[in-house]
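Report on the following structure.
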Amino acid sequence: MEFKHKTPLLDQLETGPWPSFVTDIKQEAESRKKNEKNIEYQIPVDCCEDLLGVLELSYVHKRTHWKHGGIVGVFGYGGGVIGRYCDQPEMFPGVAHFHTLRVNQPAGHFYTTEYLEKLCDLWERRGSGLTNMHGSTGDIIFLGTTTEQLEEIFYEMTHNLDQDLGGSGSNLRTPSDCMGESMCEFACYDTQALCYDLTMEYQDELHRPAFPYKFKFKFDGCPNCCVASIARADLSFIGIWRDDIRIDQEAVKAYVGGELVPNAGAHAGRDWGKFDIQKEVIDLCPTKCMRWDGEKLEINNPECTRCMHCINVMPRALRIGNDRGVCLLAGAKAPILHGAQMSTLIVPFMKVEEPYDEIKELIEKLWDWWMEEGLNRERLGELMKRQGFQKLLEVTGLKPIPQMIQEPRSNPYIFWKEEEVPGGFKRDIKEFRKYHQR
Ligand code: HEM
Ligand code: HEM
Ligand code: SF4
Ligand code: SF4
């Protein structure tokens, strides 16, 4: 089909081996032009064509033609809409405003086809029709609409689809989770239940920015960390077990004998040779706590860091323990004021039980501290560095424990105060000299 703008540079992108976003945009541009379903488009019909046009121009100029930010939103909410304006509105009027909406995804990304269809119908009529399923935030992303449509979309979404916007700006970001117990045998707690409960509990924090900066909860059912909570969340929830890895010795032998394929066949595309339990499991255990004598597999569980490697390789033989819960880590972030960092462990194990009071108490103590002391655009992880882990322990009332130390001598943080030591620090120098020479 012939479009408004020639796009030779974008067209090249369609020739690669991968699915192309250019092809996708062209498909939507064509569908809007034909309008076979007689949709009453509420924003310019040719917005997708202008989107291709402005992108082509950016490739020619090697610079973006989107202005950064802009304050737009819906009444009563301080987040959920990210303003986008084009700096070439005369050339590309269809994308003069092209705001993005974050739509709070259902926990674990489960929805019915009917629900998806309704979302898409709404978005074709009142937006560009282009979506991103899902953004790296986890949200369903609606790409491109005009300012006038925002309230209309919000009204229809909340009233007809029972669907809310997600977070953006200095608020609680849309909590996101892995599919957890619904489909995954490794899940140590119900990620979806906890994600949903905290989303509902903290609606105010989600929609009304009152924080120094963004704050993210992410829920992983196990240390495989499918939503990468340890690298991305200010508060990471990672499923864990306290007791022993369950071993089925017969199944271990079946892996060794080749009757069962390792990694559930995930690496079957190439011939890696015969499965070698010593090389592929025992020697790769990060804490060297496993032993295989040709007959029996043994695990020294107190030394196991729950890295998941052995379980991932031999899921039929090894299973997570039965005494399950969650461990909490705080402070991950991408570089903003300071460099990127991973979360730091603050609670090695907690039972996950409704109504999650213990978890909520901890969250609120962290927020009180951060909202009081955090600088503008300072993430929790940066405050932890600036004021020290000791301060975090003080405000949360958590006890210092060995699991909080990454390695001896690199992150010391426990300093006793005089009032914490029976008898204090004062000493009688005369009494001291009775026993010690100068
Ligand atoms: C209750 C008694 C003791 C306490 C509370 C104590 C406490 C400490 C502390 C806090 C450190 C610093 C550790 C570090 O920075 O990594 C240290 C280091 C050291 N202590 Fe003690 N200490 C005690 C008894 C002793 C005794 C009796 C000896 C020797 C006979 C000793 C020999 C050392 C040595 C050699 C180091 C340096 C170790 C190293 O850096 O590798 N300590 N001690
Ligand atoms: C020929 C005998 C010895 C040799 C060659 C030797 C060598 C070393 C070396 C290379 C280090 C590491 C230093 C560093 O990396 O900072 C060290 C540390 C240490 N050595 Fe020795 N050492 C000897 C005897 C001893 C004896 C007899 C003692 C105690 C009675 C001792 C106590 C220590 C201690 C406590 C440290 C830790 C110091 C620190 O890290 O602050 N060494 N030694
Ligand atoms: S994080 Fe663990 S429990 Fe969640 S989907 Fe991934 S492997 Fe399964
Ligand atoms: S989970 Fe990781 S640390 Fe634990 S026994 Fe298996 S390989 Fe070792």
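So, in segment 150-169, exactly how many residues are assigned to a helix (DSSP H, G or I), under 16 Å from G79 (Cα atoms) and not acidic (D, E)?
So the count comes out to 6.
Assigned to a loop (DSSP other than H, G, I, E, B), open to solvent by less than 30 Å² (accessible area, probe 1.4 Å) and in contact with a Phe, Trp or Tyr (Cβ under 9 Å, 6 or more places away or on another chain) - does that describe any residue in segment 192-201?
No, that holds for no residue.
For segment 154-191, give me each residue that is free of Cβ contacts under 8 Å to residues at least 60 places away in the same chain, away from ligand 4 (no atom under 16 Å from the Cβ) and open to solvent by less than 20 Å² (accessible area, probe 1.4 Å).
Passing the criteria: M157, L172, P175.
Do you know which residues across segment 327-343 are under 15 Å from D220 (Cα atoms) and part of a loop (DSSP other than H, G, I, E, B)?
A332, M342, S343
Residue check, G424 against (1) farther than 26 Å from I238 by Cα; (2) open to solvent by 40 Å² or more (accessible area, probe 1.4 Å), all met but one. Which one?
It is condition (2) that G424 fails.
Go through segment 124-150 and count every residue that is more than 24 Å from the chain's Cα centre (by Cα), open to solvent by less than 10 Å² (accessible area, probe 1.4 Å) and closer than 12 Å to V81 by Cβ.
Final tally of qualifying residues: 3.
Just checking, which of W66, W18 is under 24 Å from T174 (Cβ atoms), open to solvent by 50 Å² or more (accessible area, probe 1.4 Å) and within 32 Å of the chain's Cα centre (by Cα)?
W66
On the basis of being in the same structural domain as E407 (by TED's automatic domain parsing) and more than 9 Å from ligand 4 (Cβ to nearest atom), does K333 make the cut?
Against the criterion (in the same structural domain as E407 (by TED's automatic domain parsing) and more than 9 Å from ligand 4 (Cβ to nearest atom)), K333 qualifies.
Condition test on M371, is it over 24 Å from C188 (Cβ atoms), hydrophobic (A, V, I, L, M, F, W, C), more than 16 Å from ligand 3 (Cβ to nearest atom) and open to solvent by 70 Å² or more (accessible area, probe 1.4 Å)?
Taking the combined requirement at face value, the residue satisfies it.
Under 6 Å by Cβ, and 6 or more places apart or on different chains, what pairs join a residue from segment 84-98 that is modelled with pLDDT of 95 or more with one that is open to solvent by 20 Å² or more (accessible area, probe 1.4 Å) and of a type in the set (A, V, I, L, M, F, W, C)?
If the second residue must be open to solvent by 20 Å² or more (accessible area, probe 1.4 Å) and of a type in the set (A, V, I, L, M, F, W, C), the pairs left are C86/A96; P89/A96; V95/L51.
Kindly state which helices (runs of 4 or more DSSP H) lie completely within segment 344-438 and contain at least 2 residues that are under 27 Å from L194 (Cα atoms).
Ranges flagged: 357-373, 380-387, 389-396.
Out of all the residues in segment 345-379, which are under 19 Å from Y213 (Cα atoms) and touching a strand residue (DSSP E or B) at 6+ places or on another chain (Cβ under 6 Å)?
Across segment 345-379, the qualifying residue is only R379.
For segment 26-55, give me each residue that is open to solvent by 20 Å² or more (accessible area, probe 1.4 Å) and among the β-branched types (V, I, T).
I39, V45
If you take the residues of segment 94-117 that are over 15 Å from the mean Cα position of the chain (by Cα) and assigned to a loop (DSSP other than H, G, I, E, B), which of them is surrounded by the most Cβ atoms within 10 Å (Cβ to Cβ)?
That would be F98.
Here are some conditions: (1) open to solvent by 20 Å² or more (accessible area, probe 1.4 Å); (2) touching a Lys or Arg at 6+ places or on another chain (Cβ under 7 Å); (3) not hydroxyl-bearing (S, T, Y). D121 meets all but one. Which one does it not meet?
Result: D121 passes all but (2).
S128 - would you say it is under 15 Å from Q105 (Cβ atoms) and part of a loop (DSSP other than H, G, I, E, B)?
no
Tell me which residues, restricted to segment 276-293, are within 17 Å of I247 (Cβ to Cβ), away from ligand 4 (no atom under 11 Å from the Cβ) and either acidic (D, E) or at pLDDT below 95 (or both).
Correct list: D293 only.
Quick check: is even one residue across segment 206-226 among the basic types (K, R), within 19 Å of I299 (Cα to Cα) and away from ligand 3 (no atom under 16 Å from the Cβ)?
No.
The values are calculated or read from the model by the stated rules, or taken from the named source; none is laboratory data. Not measured: the values here are computed from a predicted model. All Cβ positions, even for glycine, are placed from backbone atoms using ideal geometry, and neighbour counts span all protein chains on display. For the accessible areas, the whole protein counts, side chains as well, though only heavy atoms, and no ligand, DNA or RNA atoms are used. Shrake-Rupley method; radii C 1.70, N 1.55, O 1.52, S 1.80 Å.
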